[in-house]
């Protein structure tokens, strides 16, 4: 509706404009007709009225001309049409009224001829108004009616027949004029409408052409109009000139086939598809003026241009987009490779190949930084010799592009390797392989550490463009992700291996306590497999030894995010229980919330065994300290007793019975000394003569001897291996051990219906469990000695104490409690292991493990003792703080032919040596004495008499208690000493006679 109204206004504007264009001529014609009419009618009308009418007519004509003048000066727009329309209608009405007044002022009453002339003039004015006023019907109808109707009425009022005819004819004539005027109006309007339509079409076409021209020329996209018949370029915009690098004239002289890299036949086929509108989207490769090839996206379709069907093509450079899409696609594939766990080397090669495809002609390289050196990682297109030459290069401030980038941690761009000082030491190498430019970007990890470099090599000197700079940064970031993944995978692999191979049990549960993972140590420790427990609660290993309050405190602690540590007893799959040291730690997610719990258990069974061994060793140490403390005094008393018994036996030699009794007492004395020595030995305080000997032969002999002592009511079995098992040890100690164990077995089977005792010897190869249970043991081959019985067995409570000294389960008077203690100490002295396996009511088995030697043949060496060797009057000085020892010793030595001096301490011995006029041949020196001990006293004496012979005597443990103060090359005798042996030692020190 608005458009129609605007069109009507425009039509009215054109009508009014036409009226004002015709107005001057019609006004002058009206004035001329008015003058002619007055002149003709002057003789038959009133002159005064005629002149007044003519003046009025002249005034109207002048007014009409002035109106035209004002109209032309104002040059009104469409919006001002209404005013000028009204003004025209008004002047037309006035003009019509003035002409109609002529019927009153200028009508000749008596002249028919003048009447007809007046009608002719008025009719002519009305006819003339068709051309000058018909364009505006209102003005036209008003003028004609106001001009002709008064005259027609005048003729009719005359009353004559001819006047009536004239009146009728005038009315008919007016009607014809009105019809003609209306038809003229319609023609004029139609002409105006057609002209307007033509103008609008022309303007629209012009505007369309201008718009097309502006869009075509100003569009930033490349636009071409192509003749589909021969492929000629008919028109190209400025963007096409800039993109292809040709001038417009050059483009218009070219064929599209000269730009497209397809063959002529392929180009024609593609054009045919576009013309037929079967395809409107194409991806081509276009060649630029400088020879570069670009990927372009072409939208093409047919249009009519200058009455010809042509192809209108819009072309976009999509090289960067396609490269980016390729990089994105390949990056996704690379990430998929990483997610699928592909080998890192393949991923690094794929990254290099991706960017080489995106930048044809360039070669990519990835180097890994380790310990300040760059190592070859991937460079699919670089020569192997070049990669090997730079492998391991040390980074620095001027080490090519890569070494410098890694050193400073920032991008290094070298446009010309031949002239850049950074490549001074390496340019010959690079140029030899056709490398002339290198741009390197450091690969930086998330923690800021330099992981390596990514580099682009070019075979000519050049600087990177913005796309290449962006890609080198993106590539380094992608390599960083893969390197960090590789580093994390290595770390995770190490952590996974550490967890899987850890000796401690590891359990991971969710926050509700459902087991999600257990390591192999858990399976070994508990007997449950992962399939048994995953998805279950850790209560499957609950032993019942802990109270509900214990678990409440546990959950209360770990639920607060704190770590729980405690000793615990859990249950294995077979129902047995084991002690463990447990630590439970919460695992927090990225939001700091508890997501899982990890529990670590250390099996304390071995630890408790070691603790028990340590406590046993402490007991032995305490007993050894006790025995060592009393050994000195006890041995001194025994020395005095055995010495006096020796003298008594000499004096009553004529009474054999008395000598026998005294010998028995002497033997008891030495047995008491042996007991002290055994106490020192099992307490690891005594000295054991460790020599290689064949254990197999030894056990066979021991078995025969002990078999005779076993009652016939007890079945005695021996299973001894045929191979000679050689050990290093003390046969006497080991014989005592076997005897003690057999005696215990004999007592254990008393009262059993079918008693049995077995003695077994075999070779044993230690396994990992044995070595873990006994970490102090050496070697892996052992002699395994077993003493087994089917007796009453030993309770768990007793097993923990059976090796304690003086502990016994036998009745009073039947055991001392030292047998197993001595056995334990003896085996410890032999660096072996003794264990007991026993169940009440099912018997016991004692297992002894002794380290084997490589020797298989042992020669036995027999020792024999002779009678006391007599002296020849030599002077011997006895130094001892015990008077009984001194006097007894004096008598013994004098009885076998020596002279004797006495000294009560070391100071007195020094003085006697210094002042004595007699020649002292030898000194028997006690080690521990008040005032001055034996060792420092001997040092002073030898300072006076360097060749003085000294024999040390002590009641202490000479190998343990005195080992730190006793010189290793001195002769030391233990109290009580055998007189025969003493005589041999003295004689060996003195010169032969």
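For region 720-801, give me every one of the strands (runs of 3 or more DSSP E) that falls completely inside it and has 1 or more residues that are under 26 Å from residue 524 (Cα atoms). Fully inside region 720-801 and qualifying: 756-765, 781-789.
To keep it simple, each residue is scored yes or no on (1) in contact with a strand residue (DSSP E or B) (Cβ under 8 Å, 6 or more places away or on another chain); (2) over 14 Å from residue 522 (Cα atoms).
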residue	(1), (2)
546	yes, yes
549	no, yes
552	no, yes
561	yes, yes
567	yes, yes
573	no, no
593	no, yes
596	yes, yes
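Within region 160-169, does at least one residue satisfy the condition of being crowded, with 17+ Cβ neighbours inside 10 Å, more than 30 Å from residue 241 (Cβ to Cβ), in contact with a helix residue (DSSP H, G or I) (Cβ under 8 Å, 6 or more places away or on another chain) and modelled with pLDDT of 75 or more? Yes, region 160-169 has at least one match. Scanning region 460-479 for residues that are surrounded by fewer than 20 Cβ atoms within 10 Å (Cβ to Cβ) and either touching a strand residue (DSSP E or B) at 6+ places or on another chain (Cβ under 8 Å) or not in a loop (DSSP other than H, G, I, E, B) (or both) yields a total of 13. Looking only at region 372-379, decide whether some residue is in a strand (DSSP E or B), under 24 Å from the mean Cα position of the chain (by Cα) and surrounded by fewer than 19 Cβ atoms within 10 Å (Cβ to Cβ). For region 372-379, residues in a strand (DSSP E or B), under 24 Å from the mean Cα position of the chain (by Cα) and surrounded by fewer than 19 Cβ atoms within 10 Å (Cβ to Cβ): present. Counting only strands (runs of 3 or more DSSP E) that sit completely within region 905-983, those holding 2 or more residues that are touching a helix residue (DSSP H, G or I) at 6+ places or on another chain (Cβ under 9 Å) and at pLDDT 85 or above correspond to 920-926, 949-954.
Of all residues in region 493-523, those that are within 21 Å of residue 568 (Cβ to Cβ) and free of Cβ contacts under 8 Å to residues at least 12 places away in the same chain total 2.
Residue count for region 519-535, restricted to those that are loosely packed, with under 15 Cβ neighbours inside 10 Å and assigned to a helix (DSSP H, G or I): 3.
Checking the conditions here, which among 285, 329, 278, 309 is surrounded by fewer than 14 Cβ atoms within 10 Å (Cβ to Cβ) and in the same structural domain as residue 360 (by TED's automatic domain parsing)? Show your work before the answer.
On the way: 285 fails: in the same structural domain as residue 360 (by TED's automatic domain parsing); 278 fails: in the same structural domain as residue 360 (by TED's automatic domain parsing); 309 fails: in the same structural domain as residue 360 (by TED's automatic domain parsing).
None of the other options fit; the residue is 329.
Restricting attention to region 710-728, does a residue exist that is in contact with a helix residue (DSSP H, G or I) (Cβ under 9 Å, 6 or more places away or on another chain), modelled with pLDDT under 80 and in the same structural domain as residue 841 (by TED's automatic domain parsing)? Yes.
Could you check how many residues of region 238-264 are touching a strand residue (DSSP E or B) at 6+ places or on another chain (Cβ under 6 Å), part of a loop (DSSP other than H, G, I, E, B) and more than 14 Å from residue 317 (Cβ to Cβ)? Selection size over region 238-264: 2. For region 396-416: of the residues being farther than 21 Å from residue 475 by Cα and without any contact (Cβ under 8 Å) to a residue 40 or more places away in the chain, which is surrounded by the most Cβ atoms within 10 Å (Cβ to Cβ)? Of everything passing the filter in region 396-416, 399 is surrounded by the most Cβ atoms within 10 Å (Cβ to Cβ). The set of residues in region 487-511 that are touching a strand residue (DSSP E or B) at 6+ places or on another chain (Cβ under 6 Å) and part of a helix (DSSP H, G or I) contains only 499.
Just one of (1) within 15 Å of residue 736 (Cβ to Cβ); (2) over 57 Å from the mean Cα position of the chain (by Cα); (3) modelled with pLDDT under 80 fails for residue 829. It is (2).
Look at residue 815 and say whether it is surrounded by fewer than 22 Cβ atoms within 10 Å (Cβ to Cβ), farther than 26 Å from residue 604 by Cβ and either assigned by TED's automatic domain parsing to the domain that holds residue 693 or at pLDDT 85 or above (or both). Yes.
The values are calculated or read from the model by the stated rules, or taken from the named source; none is laboratory data. Since the structure is predicted, the reported quantities are computational estimates derived from the model, not experimental observations. As a convention, Cβ positions derive from the backbone with ideal geometry for all residues, glycine included, and neighbour counts pool all protein chains shown.
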